[in-house]
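First the structure, in the form of structure tokens, and then the observations on it.
The values are calculated or read from the model by the stated rules, or taken from the named source; none is laboratory data. Computed from a predicted structure; not experimentally measured. We place every Cβ from the backbone using ideal geometry, glycine too, and count neighbours over all the protein chains shown.
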Amino acid sequence: MYKNWNAICGCEDKRLLMLLAVSENPQTLAGLQKGFPQFFTAEEQVDPKVPMSAFRELVKHRGEKTVTDICEKLGIPLFLFGDHEQDIGPIPKKWEKYHGRVFGDGRGVRRLMYSGETCLVLECSVPAYMAIASERYFDVWH
């Protein structure tokens with residue numbers, strides 16, 4: 001069972017949208033699937049659009065999870081910059097202004113261009129780490 005992110009984004013009840021989006025409890029999800037089957041799918045979605053409000057809540061209440069963990073679970077590919085071996089490369093100087101920004105901190109959406117795509121800054125701690133993702137994976141209006 002996978003979440004149908006595009007259907008969840010269209011949910012008009014914001015409390016239900018948030019519950020569908022952030023719940024990870026298998027029993028809760030099974031009950032939601034029985035009552036609201038339109039919000040679930042048997043196949044993993046290609047290029048899901050995750051509600052921005054739900055993503056912010058996941059980041060805000062992430063506990064031990066990293067932004068990378070959250071994006072992996074949601075199927076959102078990341079571009080990682082920093083000084084780690086798996087990173088694309090160092091953080092470009094022109095992006096250093098995003099230092100200390102954490103996506104869930106209520107400061108709004110920070111956009112930048114990378115590889116011809118508008119991306120969102122999901123986390124940044126210059127000079128060690130920066131995580132960005134294409135805006136096309138988010139429904140910024142929900």
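Figures for the structure shown
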{"item": "Any chance E24 is surrounded by fewer than 17 Cβ atoms within 10 Å (Cβ to Cβ), assigned to a loop (DSSP other than H, G, I, E, B) and over 16 Å from the mean Cα position of the chain (by Cα)", "result": "no"}
{"item": "Residue list for region 53-98, filter: among the polar types (S, T, N, Q), in a loop (DSSP other than H, G, I, E, B) and surrounded by 13 or more Cβ atoms within 10 Å (Cβ to Cβ)", "result": "T66"}
{"item": "Counted residues, region 4-23 - those being closer than 21 Å to P77 by Cβ and without any contact (Cβ under 8 Å) to a residue 40 or more places away in the chain", "result": "2"}
{"item": "Index of the failed condition, K94 passing every other in (1) in contact (Cβ under 8 Å) with a residue 40 or more places away in the chain; (2) under 29 Å from S125 (Cβ atoms); (3) not aliphatic (A, V, I, L, M)", "result": "(1)"}
{"item": "Subset of region 126-141 that is assigned to a loop (DSSP other than H, G, I, E, B) and surrounded by fewer than 18 Cβ atoms within 10 Å (Cβ to Cβ) - its residue that is modelled with the lowest pLDDT", "result": "P127"}
{"item": "Considering residues of region 1-23 that are closer than 16 Å to R56 by Cβ and not hydrophobic (A, V, I, L, M, F, W, C) only, the residue modelled with the lowest pLDDT", "result": "K14"}
{"item": "Whichever residue in region 27-51 is without any contact (Cβ under 8 Å) to a residue 40 or more places away in the chain and among the aliphatic types (A, V, I, L, M) and, among such residues, is surrounded by the most Cβ atoms within 10 Å (Cβ to Cβ)", "result": "L32"}
